[in-house]
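The values are calculated or read from the model by the stated rules, or taken from the named source; none is laboratory data. For clarity, every value in this text was computed on a predicted model and none was experimentally measured. Heads up, the Cβs are rebuilt from the backbone with ideal geometry, glycines too, and the neighbour counts pull from every protein chain shown.
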C-alpha cells in the first residue's frame, strides 16, 4: 500500500501560494511592529523627561546640523587637496620649462659629429662613435637600423658615396 503524503507535500499549488502570501504579509507586519515599538519607546522616554522636569532637547536637529557641518568640512578639504594638486602640476610645468634642455635627436647628433670630424665619414664609423661616446640613449633593439633610416631621410646630411656621409 502506498504511503499518503502529509503536510506541505500534500498541499496543492494554490494552497502553497496562499501560504507564501500570508508569510510575506506577516514578515512585513512584524517589521512595522518593530519600528512602531521603537517609536513608542522614544515617546515613553520623552514623557518621562517631561514629568521629571528636565528640559527636552531635539537631538534630530543637532544631528542634521552636525551632518551639514561635516559635509561642508569635507568639501573644503577636497577643494584644498585639488588646489594643492593643481599648484604642484603648475610648479612642475614651470620647472620643466625653465630647466628643459633642447631635445637631442639622432639627426642633430650625427650632424654635430660630422661637423666636428670635418671630413665625410663612413656609416660604421658614425655608428661606432655614437655607441662608444654614448651620445644617444636608445631603447631600440637594433640602433643601426634607426641610424640608417635617419641618415638616409635627412635633408641636412648628404650622401657622398655608398655608406659615406657628410654635412
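Candidates 8, 16: the one that is modelled with pLDDT under 75, more than 30 Å from residue 144 (Cβ to Cβ) and assigned to a helix (DSSP H, G or I) is 8. If you go through segment 93-108 and keep only what is at pLDDT below 80 and in a helix (DSSP H, G or I), you end up with 93, 94, 95, 96, 97, 98, 99. Checked against (1) at pLDDT 75 or above; (2) surrounded by fewer than 10 Cβ atoms within 10 Å (Cβ to Cβ), residue 74 meets all criteria but (2). Residues of segment 129-143 that are surrounded by 12 or more Cβ atoms within 10 Å (Cβ to Cβ) and more than 39 Å from the chain's Cα centre (by Cα): 129, 130, 131.
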